[in-house]
Amino acid sequence: MTEYRIDDLARAAGTTTRNVRGYQDRGLIPRPVRRGRVAIYGDEHLAKLRVINDLLARGFTMTHIGDFFKRVQTGDDIAESLGLREVVSQPWSQTATDTVSASDLHAKLNTSDPQLLGQLQEFGLVEPIGDDDPPAQYRINDVESIDAYQRLMQIGIPLPYILGMQRQLDEDMLRAAKTLISAGRRAITEGRFDGWIPESGAESDWASSFLGALRSTGRVAAHNTLYRALDRELARQVDDYLAVARERREQRRDQNDDAPRPETAQPGVG
């Protein structure tokens, strides 16, 4: 078991020593073990602090958290008893990842432009590894998308254009994500209140099952809705494109019909 002094514990948990003492006073975390004048904390303290931070970040009040903790059986793991943390924190995206050198990434994208690489980091597609400046290695968080970028560049579409498309797509997908998650939030608090936390094992199991179902159903519904929308929009724009092509062809034909024809010489004249 790892042992921490209060400063080290606060740093590992991403909080302050003042908060640690405050949580102790509220009874949210147990008192440390004393070794002379030194207070020693362990992994249980760190785990509970991280759960508290997660709940606070999601808008739960200290009163809600305190009420829930009072109902947790002594010795149970807080995150496991809550039945929500793993489901909520598990990433929806399950894309393949890879670790590559900076030179390999530059070769894939045919650029070492820091601005373009910064946009890729902003979109969460790549991230530098280590503290080197400039980075010596990168983690590709979405190999499939980077490979698709390569294919587009190979047929002549520049990376800045692709990244502009990605930015617009990110904004549109964020609106769709807000629709789905907000609907799930309203459903889980229906008949309760926003900031509700399960108060029994049955409620915790139900909330965990609900979030799991929301995750799987949302993934399928979002993907299939997007595919249907792509089919409809592609058909619409192909029809529009061909209509423009026909109009331009007819305009050229009309211009050719109206153009003066060269006079031909008459036989025997001259």
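The values are calculated or read from the model by the stated rules, or taken from the named source; none is laboratory data. It should be emphasised that the depicted structure is a prediction, and the values quoted were computed from it without experimental measurement. Virtual Cβ from ideal backbone geometry, glycine too; neighbours counted across all protein chains shown. Keep in mind that these areas ignore ligands, DNA and RNA; they rest on the heavy atoms of the full protein, side chains included. Shrake-Rupley method; radii C 1.70, N 1.55, O 1.52, S 1.80 Å.
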Percent RCO, i.e. relative contact order, over the range 117-270, from Cα pairs under 8 Å lying at least 6 residues apart = 10
key: Interchain or long-range residues, amide H under 5 Å from residue 137's placed H   = 102, 129
ask   = Residue by residue, what Karplus-based ³J(HN,Hα) values in Hz, rounded to whole numbers, does the range 32-39 have, using 6.51, -1.76 and 1.60 with θ = phi - 60° and x for Gly and Pro?
value = x, 7, 9, 10, x, 9, 9, 8
task = Report, in whole Å, the centroid distance computed from the Cα atoms of the range 112-131 and the range 168-222.
result = 31
ask   = Taking amide hydrogens as modeled 1.01 Å from N in the peptide plane, which residues meet the under 5 Å criterion relative to residue 126, leaving out close sequence neighbours?
value = 121, 141
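Which length gain, in nm to one decimal place, applies between residue 251 and residue 223 when the Cα-Cα distance is subtracted from 0.36 nm times their residue separation? Before the final figure, lay out each step's value.
Working: separation 28, 0.36 × 28 = 10.08 nm, distance 4.15 nm.
Extra length from residue 251 to residue 223 when fully extended: 5.9 nm.
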key: Surface accessible to a 1.4 Å probe, residue 25 within the full protein complex, Å²   = 110
request  = Quick one: give the max-minus-min coordinate of the C-alpha atoms of the range 123-222 along each principal axis, largest first, in Å.
outcome  = 55, 32, 19
key: Mean Cα-pair separation over length for the range 86-179, i.e. relative contact order, pairs under 8 Å, 6 or more apart, %   = 30
ask   = Once you put a point 7 Å from the Cα of residue 61 and another 7 Å from the Cα of residue 107, both along the Cβ direction, what distance in nm separates them?
value = 5.9
